[in-house]
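The values are calculated or read from the model by the stated rules, or taken from the named source; none is laboratory data. Not measured: the values here are computed from a predicted model. Every residue, glycine among them, receives a Cβ derived from its backbone with ideal geometry; neighbour counts consider all protein chains shown. Just the protein is used for accessible areas: all its heavy atoms, side chains included, with ligands, DNA and RNA removed. Shrake-Rupley method; radii C 1.70, N 1.55, O 1.52, S 1.80 Å.
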Amino acid sequence: MSKKNTTFVQFFYYSITMKRIYFLLALVLITASCGRRLEISSPDKDITVAFRLSEKGTPEYCALHNLDTVINWSELGLVCDSLDLSQGFEKKGKQIVRSHSKWETVWGEEHFIVDNYRELTVFLRHESGIRMNIALRAYNDGFAVRYIFPEQPSRPLTITDEKTEYRFMADHQAWSIPWRTEYYEGLWTKDPLSLKTDTLCSPVTLELSNGGYAFVHEAALYDYPAQNLYMQDGALKTYLTPWLQDGQVTDTKAYETIPFATPWRMVIWADDLPELVASRIMLNLNEPCRIEDTSWIQPMKFIGIWWGMHMKSMTWERGPKHGATTTNMERYLRFAHDHHINAVLAEGWNKGWEDWKHFSFTEPYPDWDMGYLSRLADSLNVQIIGHNETGGNAADYEAVLDETYTYHQAHDIHAIKTGYVAPIIRTKDGLQFNKGQSGVRHYRQVIETAAKYQIAIDNHEPVMPTGLQRTYPNLMTQEGVRGQEWNAWSADGGNPCSHVTTLPFTRILAGPVDFTPGVFAFENPVMPTTRVHATLMNQLGLFVCFYSPLQMACDLPENYEKHLDAFRFIEDVPCDWERSLLVAGQIGEFCIFARQQRNADNWYIGGINNEVSRDAEVALSMLEKGKQYRAVVYRDGETADWQTNPYDYVIEEQTLSSKDTLHIHMASGGGFAVQLKQQD
Ligand code: NOJ
């Protein structure tokens with residue numbers, strides 16, 4: 001449909017008084033022009049996804065929400081080097097499945113997740129003889145589509161394009177980062193879809209013209225390139241991350257062999273932000289857990305020999321300021337033990353930091369006594385988190401995975417932060433995008449191998465999460481975000497306050513984030529014009545607002561020692577939840593989350609704010625009725641302000657119940673944190 005027609009249709013559909021009549025008329029027109037359509041509706045009937053074949057045999061779908069068409073007829077299909085699988089299909093049959101189940105998470109924002117959907121699978125035969133099925137799932141809060149090549153004579157397919165598109169009925173506002181944003185470490189920007197001229201990374205969050213929200217992403221990315229999106233002819237279209245040849249982009253996107261299935265293309269459709277963040281479609285679209293014994297996978301808070309390097313008071317490599325020494329680590333381990341922090345990360349413990357290219361993952365620098373530190377950690381009941389920076393050399397890392405994990409396991413290390421600092425990584429297929437098919441395969445191999453050695457992964461410079469943690473819960477957290485470290489050295493002054501209030505509705509909807517909250521010292525002697533744009537209370541609020549089952553408190557122990565009263569919240573706050581809900585928020589402005597501790601009746605509430613100070617009201621209706629809670633409220637003081645006085649805070653204790661409402665002032669760049677412990 002041309003842009004002109006889209007505008008006409010927009011007007012047509014959104015005319016308020018005549019809306020229903022116009023809708024019925026439009027439905028007749030759509031139905032008449034599409035021949036026989038098949039459709040599937042969500043269990044509550046709010047979402048309908050319809051399927052048809054065009055005259056050319058092109059698969060198409062459209063989506064309706066509460067009887068309004070929200071995505072007009074949109075193409076589906078794949079293009080291969082010698083075969084066009086986007087037309088020339090005939091329908092051979094269909095199958096409808098209803099499914100309603102509940103599963104228990106190993107860790108997460110929710111203890112139990114309901115998976116309730118209706119699925120329509122359309123069986124297609126291509127003129128070449130190839131059979132391809134299209135599965136369309138309708139959930140109460142969105143829908144998903146995927147291509148499945150069932151059992152049939154096996155043959156290789158070289159995919160050069162995927163035709164999946166989203167022909168939205170209005171020019172919604174879209175939050176996104178450009179697809180070549182290095183490591184996904186960019187600031188999210190909002191524009192109408194029609195003005196998005198770049199190709200965009202997946203996901204994209206939409207503020208809908210009717211006040212609702214949508215989230216376009218993918219789920220279950222196993223052996224396929226990551227999806228990117230771009231606007232063309234009024235539709236959001238798919239651009240698969242290409243393979244590179246000698247560092248140059250090629251036409252090839254994926255090498256597959258029939259039978260196989262692509263990742264799911266997924267759209268969450270929500271009336272408001274609480275519904276958007278509560279959607280668990282992406283996890284539901286992933287396969288159940290493949291790790292039999294998950295008892296060793298433990299959510300943990302950790303500190304680390306880390307911020308010192310980014311603030312340049314320490315170095316990764318050996319020298320007078322070397323951070324990862326036995327003496328320093330001993331100090332960190334003891335601090336963790338004294339303050340109920342589960343683990344300590346150490347970066348720069350191993351040989352190779354002189355050139356960031358030739359790392360060893362089994363040879364410590366001479367000033368690091370791994371045997372002694374591992375025994376000490378054990379005696380203190382604190383875990384060591386290993387660090388494997390590869391410098392982007394994925395192929396070399398793959399070659400030593402088994403010996404690396406054997407070494408770590410022998411030293412009782414059950415979590416490793418991996419790193420790939422290089423805009424293009426070197427896989428066994430040569431230089432490739434990390435989110436291309438080769439990179440995706442590498443990350444999966446790391447996760448699967450680590451699981452065999454009972455090692456959890458915190459993947460930095462990753463491919464964007466797609467819910468794989470359901471299948472491999474040892475993939476605990478990932479970077480893929482412009483994180484706290486940018487506040488140490490970014491030439492633009494650091495992350496603006498509105499960055500953190502955007503992330504819960506954009507990047508973090510894709511999965512847990514290793515943002516590394518918890519800066520308590522705001523001076524930056526090396527780059528005085530760069531700093532954390534936050535008050536100390538904002539840093540506490542992040543521990544509730546940003547979900548990660550491996551959650552780092554990133555500052556130095558000596559900085560925490562200056563504010564132990566505030567650090568108490570970090571000691572207490574869990575990183576594994578029974579239930580989570582967004583109390584209030586506006587993308588880029590503020591957000592307030594409430595989360596119930598897993599297997600306990602305690603609640604934690606966190607708020608973070610952008611530059612504009614505001615007063616928040618939090619009704620405590622989520623608390624168990626009739627029970628009293630001992631509350632500790634950590635809030636910005638009267639003069640708090642991220643620029644002029646980030647250290648002004650107040651800590652108050654009170655007794656509260658579900659009938660109470662908290663009234664809390666959030667300073668510019670401010671925030672708050674509340675602990676609510678149920679009384680007997
Ligand atoms: C970039 C990562 O984001 C950071 O956390 C790490 O310290 C450095 N790479 C070194 O691996």
*Along the Cα-to-C-beta direction of residue 523, a point sits 7 Å from the Cα; which residues of segment 556-582 have their amide N less than 19 Å from that point?*
556-564
*Relative frequency of Cα-Cα separations exceeding 25 Å in segment 435-588, percent*: 35
*asked:* Please state the shape class of segment 54-131: rounded when a/c is under 1.5, otherwise prolate if a/b exceeds b/c and oblate if not, all from the C-alpha gyration tensor.
replied: prolate
*Acute angle (nearest 10 degrees) that the helix 326-338 long axis makes with the longest principal axis of the chain, alpha-carbon atoms*: 80
*Of the listed peptides 108-114, 632-638, what is their order by residue-averaged count of other C-beta atoms within 10 Å, with the highest listed first?*
632-638, 108-114
*Using packing as a proxy for protection, rank 214-220, 158-164, 527-533 so that the peptide with the highest average count of other Cβ atoms within 10 Å comes first.*
214-220, 158-164, 527-533
*Antiparallel bridges, percent of DSSP beta bridges restricted to the chain (to nearest 5)*: 85
*What accessible area per residue comes out for the chain, rounded to a whole number of Å², with a 1.4 Å probe?*
37
*For the chain, the spread of Cα positions along each principal axis, largest first, Å*: 74, 58, 47
*asked:* Which of rounded, prolate or oblate describes segment 380-486 when judged by the alpha-carbon gyration tensor and an a/c cut-off of 1.5?
replied: prolate
*Roll a 1.4 angstrom probe over the protein heavy atoms and tell me the percent of accessible area of segment 172-237 that is carbon or sulfur.*
44
*Distance in nm between label sites at residue 403 and residue 601, each 7 Å beyond Cα in the beta-carbon direction?*
5.6
*asked:* Between 0 and 90 degrees, rounded to the nearest ten: what's the tilt of helix 19-34 against the longest Cα principal axis of the chain?
replied: 70
*According to a simple spin-label model (label point 7 Å from Cα along Cα-to-Cβ), what is the distance in nm between residue 658 and residue 111?*
1.6
_Assuming 0.36 nm per residue, please report the length gained on full extension of the stretch residue 272 to residue 428 beyond their Cα-Cα distance._
51.7 nm
*Pull out a ≥ b ≥ c, the square roots of the eigenvalues of the alpha-carbon gyration tensor of segment 216-355, then state rounded if a/c is under 1.5, prolate if not and a/b is larger than b/c, and oblate in the remaining case.*
prolate
_What is the ratio of the Cα radius of gyration of segment 556-680 to 2.2 N^0.38 Å, with N the residue count, to two decimals?_
1.05
*Quick one: putting +1 on the C-beta of Lys and Arg, -1 on the C-beta of Asp and Glu, what dipole do you get for segment 132-237 around its Cα centre, in Debye to the nearest 20?*
220
_Given a Förster distance of 30 Å, report the FRET efficiency between residue 490 and residue 197 from their Cβ-Cβ distance, rounded to the nearest 0.05._
0.75
*Roughly how tilted is helix 536-545, in degrees to the nearest 10 and between 0 and 90, from the longest Cα axis of the chain?*
40
*asked:* Compute the distance from the alpha-carbon center of segment 510-535 to that of segment 224-258, in whole Å.
replied: 35
*asked:* Just want to confirm a number: the relative contact order over segment 600-657, from Cα pairs under 8 angstrom separated by 6+ residues, in percent.
replied: 34
*How much net charge surrounds residue 414 when only other residues with a Cβ under 13 Å from its Cβ are counted (Lys, Arg +1; Asp, Glu -1)?*
-2
*Name the residues whose placed amide hydrogens come within less than 5 Å of the amide hydrogen of residue 588, ignoring near sequence neighbours (fewer than 5 apart) on the same chain.*
502
*So what is the 222 nm mean residue ellipticity for the chain from helices alone, if each DSSP H run of at least 4 adds -39500 (n - 2.57) and you divide by all residues, rounding to the nearest 500 deg cm²/dmol?*
-5500 deg cm²/dmol
*Long-range amide H partners of residue 551 with built H, under 5 Å*: 300, 301, 302
*Largest-first ordering by accessible area, 1.4 Å probe, given options 396, 555, 251*: 251, 396, 555
*Can you tell me the FRET efficiency between residue 584 and residue 45 if r is taken as the Cβ-Cβ distance and R0 is 25 Å, rounded to the nearest 0.05?*
0.30
*Relative contact order for the chain using alpha-carbon pairs under 8 Å, separation at least 6, rounded to a whole percent?*
10
*Local charge sum around residue 362 (other residues, Cβ-Cβ under 10 Å, Lys/Arg +1, Asp/Glu -1)?*
-1
*asked:* Multiplying the sequence separation of residue 562 and residue 90 by 0.36 nm and subtracting their Cα-Cα distance, what value in nm do you get?
replied: 162.9 nm
*Give, in nm to one decimal, the length gained when the segment between residue 260 and residue 127 is fully stretched (0.36 nm per residue of separation minus the Cα-Cα distance).*
46.0 nm
*What percent do you get for the relative contact order of segment 469-536 when only Cα pairs under 8 Å and 6+ apart count?*
43
*Virtual spin-label span in nm between residue 622 and residue 67, 7 Å along Cα→Cβ*: 3.5
*Grab the beta carbon distance between residue 362 and residue 154, set R0 = 45 Å, and tell me the FRET efficiency rounded to 0.05.*
0.70
_Please list 3J(HN,Hα) in residue order for segment 66-71, calculated via the Karplus relation 6.51 cos²θ - 1.76 cosθ + 1.60 where θ = phi - 60°; whole Hz, with x for glycine and proline._
6, 6, 8, 5, 10, 10
*Can you pull the percent of segment 362-488's accessible area that's carbon plus sulfur, 1.4 Å probe, other chains left in place?*
47
*Given C-alpha coordinates of segment 547-591, what is the ratio Rg to Rh with the Kirkwood estimate of Rh?*
1.06
_Show me, for segment 140-146, the HN-Hα J-couplings you get by feeding each phi into the Karplus relation (A = 6.51, B = -1.76, C = 1.60, θ = phi - 60°), rounded to Hz, glycine and proline as x._
5, 10, x, 8, 8, 9, 8
*When you count, for each residue, the other Cβ atoms within 10 Å and take the mean per peptide, how do 230-237, 419-426 rank with the highest first?*
419-426, 230-237
